[in-house]
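J.: Please see the structure below; I have some questions.
The values are calculated or read from the model by the stated rules, or taken from the named source; none is laboratory data. Because the structure is a prediction, the values reported are computed rather than measured. Glycine gets a Cβ as well: all are built from the backbone with ideal geometry, and neighbour counts include every protein chain shown. Heads up: the accessible areas ignore ligands, DNA and RNA and are worked out on the full protein's heavy atoms, side chains in. Shrake-Rupley method; radii C 1.70, N 1.55, O 1.52, S 1.80 Å.
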Amino acid sequence: MIAAQPYAGRERAGALLEVRNLCKSFRVGSETFTRAALVKAVDDVTFRIEPGSTMGLVGESGSGKSTVARMITRLIRPDSGEILIDGQDIVTGGAAGKRFARLVQIVFQDPTSSLNPRWKVGDLIGEGVLVHRLCPRSEIRNRVVALAGRCGLDVDSLDRFPHEFSGGQRQRIAIARALAVEPSVLVLDEPVSALDVSVQAQILVLLQELQAAFGLTYLLIAHDLAVVERFCSHVAVMRLGRIVEAGLPRDIHENPKDPYTRSLVEAHPVPDPHRRKAMTA
Amino acid sequence: MLALDGTQRSDPAGTETQRPGLTPQHAGAPLIEVSDLSVRFGAVTAVSSVSFSVAKGEVFGVVGESGAGKSATARAIIGLLPPTAKIAGSVRYKGEELVGASKARLRQARGAQIGYVFQDALTALDPVRTIGAQLVEVLNVHGHVSRRDGLERAADLLAELKINDPVRTLKAYPHQLSGGMRQRAVIAAALIANPELIIADEVTSALDVTVQRKVLDLLLGVCAARGAGVILITHDLGVVAQTSDRVAVLYGGIVAEEADVFSLFDNPRHPYSGALLNSMPRLGDQGVFEPIPGSAIQVFGDLRACPFADRCARVADDCRAGVPAPFKEGGTTYRCLHPLEDTA
């Protein structure tokens, strides 16, 4: 079957992702006139995701979720702490670390800004394969075709440009691009929140299928508790750079302990008029 | 009663015929009555013959995906569409026709009779003027108030919207406020001239979930206290379930289904409504979860078939023969030839 082809002969099926004592501060404000303040965006974050499972990361904007995602994908460097893929540190691991870093890929929230508008879809998906020399040049096209098909894109879409696609189709392109380099961990940074309601479900189901097929490990950043409960085996709630609560999604939703988690559960708009919540104001 | 300003809607296309049934009875008449409203942008048809009405004190939810015609409908009501938009049909505010009304009349209606809360607070507010100046400006458009009186009213309203230090907020510039505070300032601008109808266009979509809930409750609380009608536009079925009395589900520019909120969620009749409900995961419920295949439609030219036909599981040949006429059953009106079973 073409579906599994890009992974044929690869033993790697999901990796263990461990994050230990991760810290990152940013300077805020210019130093020209005032002393710059240091904001702890991520403050001593530790978690582990078992191979092939999904952890949800929930929190308000500014809580540090995306900073964690960016550090795991090596887009920014942590101040301190370790990020381990199958035990190998990808931050300080040198050349071996770099090799392992390919194993973590990211799907961004907005597929409009994360795909180069001047590149054809086929080239976008194949870029990583080329860069990492994962197969001979002559075979790239076949791999891209197979992978695009697996993500629900037809062959003729490969010769078109991103703007010719709907939001949902663009997110499929972004997913295919991330998968092209044979990662074992996928960081999904709000992958459906920019999409229409009816399309969100399509993408979530696709991600589930891909996880089952390739044994991928997911870190899912989301704000919708219902999505998290449905798709994650574990969930961590972040606030002000720290993980304030972690556990099984069901426990968190039914018995939230942290005040912030409680307000999150209370604010969740339940799509059932019989379960209308009292006004908070 | 409002005086008609005398300008009658010109109807060059002749698409609207006089319907005797629609003469408003003013006692208990709806606040706003939209009938057969269509909006076109060049070849794109954003809205095709949308009809609904909203009464005083009612929260009317309008749900749909992007391109379903939600915002185009809302903006057509209040004359905020660009001149390139072709509008047909009728929008009556307390019996007064607003489609084709003069610019001056619409400008007067906006704010004083119909308040519009914009989605993006950062673009809705002027970055170089204080919140106070922008709120007093609304009052000055609708009659002269002194700066002092204006600021006093603005401060009272901000306090009603649970802003802790209204006086300081009035002196602040938009960038100095948090997202939730800014959205409250935009709500205040829409409410300050005491309109009887509020149109809230995706007001909380850009906010965090916890802030979202609070801002929504504040907006609806103030509207309820004043007995104002609300048209709440959103893509979020959860928000609708939590807040609305009646709901219109828009798809491809038509009202696929209109019902009271309980009927819609318990007993959806249009296949699109049903599919939409099944395509969202629910907290504490591992039941049905089924995506709708395909993607949202964009309509070019006249709509000649059911817009949902290509994605519908119940599609038949007659669905493509024409747009199904609205069919009323109980409290529900739907436009479908092969509706879901009535489970009520």
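J.: Among the residues of segment B:140-147, are any open to solvent by less than 40 Å² (accessible area, probe 1.4 Å), away from chain A (no Cβ under 14 Å) and at positive phi?
T.: Checked segment B:140-147: at least one residue is open to solvent by less than 40 Å² (accessible area, probe 1.4 Å), away from chain A (no Cβ under 14 Å) and at positive phi.
J.: Here's a follow-up. When B:I187 is evaluated against the numbered criteria (1) buried (at least 20 other Cβ atoms within 10 Å of the Cβ); (2) among the hydrophobic types (A, V, I, L, M, F, W, C); (3) within 10 Å of chain A (Cβ to nearest Cβ), which criterion, by number, is the only one it fails?
T.: Answer for B:I187: the failing condition is (3).
J.: Across segment B:240-267, which residue is most open to solvent (accessible area, probe 1.4 Å) among those that are touching a residue at least 40 places away in the same chain (Cβ under 8 Å) and part of a helix (DSSP H, G or I)?
T.: B:D266
J.: May I ask you to list pairs of residues, at least six apart or on different chains, whose Cβ atoms are under 7 Å apart, with the first in segment B:293-310 being within 10 Å of chain A (Cβ to nearest Cβ) and the second being open to solvent by 50 Å² or more (accessible area, probe 1.4 Å) and assigned to a loop (DSSP other than H, G, I, E, B)?
T.: What qualifies is B:A296/B:S66; B:A296/B:G67; B:Q298/B:G67.
J.: Please go through segment A:59-116 and pick out each residue that is hydroxyl-bearing (S, T, Y), under 30 Å from A:H253 (Cα atoms) and out of contact with any strand residue (DSSP E or B) (no Cβ under 8 Å at 6 or more places or on another chain).
T.: A:S61
J.: Please determine, by comparing only the residues of segment B:325-337 that are touching a strand residue (DSSP E or B) at 6+ places or on another chain (Cβ under 8 Å) and part of a loop (DSSP other than H, G, I, E, B), which one is surrounded by the fewest Cβ atoms within 10 Å (Cβ to Cβ).
T.: Looking at the filtered set, the residue picked out is B:G331.
J.: Does A:V131 meet the test of being open to solvent by 20 Å² or more (accessible area, probe 1.4 Å) and more than 25 Å from A:T54 (Cβ to Cβ)?
T.: yes
J.: Okay, moving on. When you go through A:D79, A:D86, A:D43 one by one, which is the residue that is modelled with pLDDT under 90, over 22 Å from A:Q109 (Cβ atoms) and charged (D, E, K, R)?
T.: A:D86
J.: State all residues of segment B:202-219 that are open to solvent by less than 10 Å² (accessible area, probe 1.4 Å) and either more than 10 Å from chain A (Cβ to nearest Cβ) or hydrophobic (A, V, I, L, M, F, W, C) (or both); if no residue qualifies, say none.
T.: If the condition is that a residue be open to solvent by less than 10 Å² (accessible area, probe 1.4 Å) and either more than 10 Å from chain A (Cβ to nearest Cβ) or hydrophobic (A, V, I, L, M, F, W, C) (or both), then B:V203, B:V215, B:L218, B:L219 are the ones that fit.
J.: Still on this model: Working only within segment A:154-169, note down all residues that are open to solvent by 30 Å² or more (accessible area, probe 1.4 Å), free of Cβ contacts under 8 Å to residues at least 40 places away in the same chain and not charged (D, E, K, R).
T.: Of everything in segment A:154-169, those that are open to solvent by 30 Å² or more (accessible area, probe 1.4 Å), free of Cβ contacts under 8 Å to residues at least 40 places away in the same chain and not charged (D, E, K, R) turn out to be A:V155, A:S166, A:Q169.
J.: Please verify whether segment B:311-325 includes one or more residues that are within 14 Å of chain A (Cβ to nearest Cβ) and within 22 Å of B:K70 (Cβ to Cβ).
T.: Yes: segment B:311-325 contains one or more residues that are within 14 Å of chain A (Cβ to nearest Cβ) and within 22 Å of B:K70 (Cβ to Cβ).
J.: What number of residues in segment A:110-139 are among the hydrophobic types (A, V, I, L, M, F, W, C), part of a helix (DSSP H, G or I) and more than 22 Å from the chain's Cα centre (by Cα)?
T.: The number of residues fulfilling the criteria is 1.
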